[in-house]
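**Q** One structure follows; several queries about it will come next.
The values are calculated or read from the model by the stated rules, or taken from the named source; none is laboratory data. Because the structure is predicted, anything quoted here is derived from the model rather than measured. All Cβ positions, even for glycine, are placed from backbone atoms using ideal geometry, and neighbour counts span all protein chains on display. Heads up: the accessible areas ignore ligands, DNA and RNA and are worked out on the full protein's heavy atoms, side chains in. Shrake-Rupley method; radii C 1.70, N 1.55, O 1.52, S 1.80 Å.
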Amino acid sequence: LMHNDENNNKFNNQRTQEFQKVVKNILNDNNFEVSIKTVRTVNDNTTLRVKNLKSEFSSGFTDAIVNDTRPIVFSGGLWNNLFYWEENKPLMTKLMGKGRDLWEIEITGGLEQDGRANSPNYRYNDTRDYYWPALISGVQKYSNKNSLQYVGFSNGCGVALASLNMYSASGKSNAGYYFD
């Protein structure tokens, strides 16, 4: 981490504030890049969020320690948000420390949609037919990977299995929109 491209110039002068901040982040295990991106569904233009937690390990170090470069997507249940898997979930914490490319998806809205007068009602068929496919397609597009691993809890599991059952033979074209 101290020798990756982003930190390389800070490593030369160990007395700078920037260098001290890098070391503090590493020692406090705060060495992940977090980004929240959005996708939009094709049926009703609902905006949904995906969050990427990516290690700040150098690409060479990541290549050496990660056996499987497929992103891992985590999805919670009906009332879970983008922070569900980070709160006291040992699996995600373990994978974060191993340099995996982790994504969290929010099938049933979030801050962008909920609480508005025109908030979607998140009918099961919409989550299966439009929301989950848009989120997964978004992760594939944002990560530039066609293959991924998936961990679902409650509704996040049920919707995924139902959607895969519907589209596994034919695929799903026009799954949604992503914003680059």
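**Q** So which lysines pass the test for LYS172, namely a Cα distance under 24 Å, with those fewer than 8 places away in the same chain ruled out?
**A** Counting by Cα, and skipping residues close in sequence, LYS172 has these lysines nearby: LYS37, LYS51, LYS141, LYS145.
**Q** When ligands, DNA and RNA are left out and all protein chains stay put, how many square angstrom of accessible area per residue does region 136-180 have with a 1.4 Å probe?
**A** Working: 2810 Å² over 45 residues.
Value returned for region 136-180: 62 Å² of accessible area per residue.
**Q** How do 138-151, 160-173 rank on mean C-beta neighbours within 10 Å, highest first? Working shown, then result.
**A** Details: 138-151: 16.0, 160-173: 13.2.
Packing order, densest peptide first, comes out as 138-151, 160-173.
**Q** Sorted by packing (mean other beta-carbon atoms within 10 Å per residue), highest first, where do 42-48, 121-127 land? Write down the numbers at each step before the final one.
**A** On the way: 42-48: 16.6, 121-127: 14.0.
Answer by packing, highest mean first, reads 42-48, 121-127.
**Q** Taking the Cα centre of region 52-102 as origin, work out the dipole magnitude from +1 charges on Lys and Arg Cβ and -1 charges on Asp and Glu Cβ, in debye rounded to 20.
**A** Details: 6 positive and 6 negative charges, 23 e Å.
The calculation lands at about 120 debye.
**Q** Rounded, prolate or oblate, given the Cα gyration tensor of region 129-176, with a/c below 1.5 counting as rounded? If you can, show how the numbers build up before the last one.
**A** Details: a/c = 1.64, a/b = 1.18, b/c = 1.40.
In terms of gyration-tensor shape, oblate.
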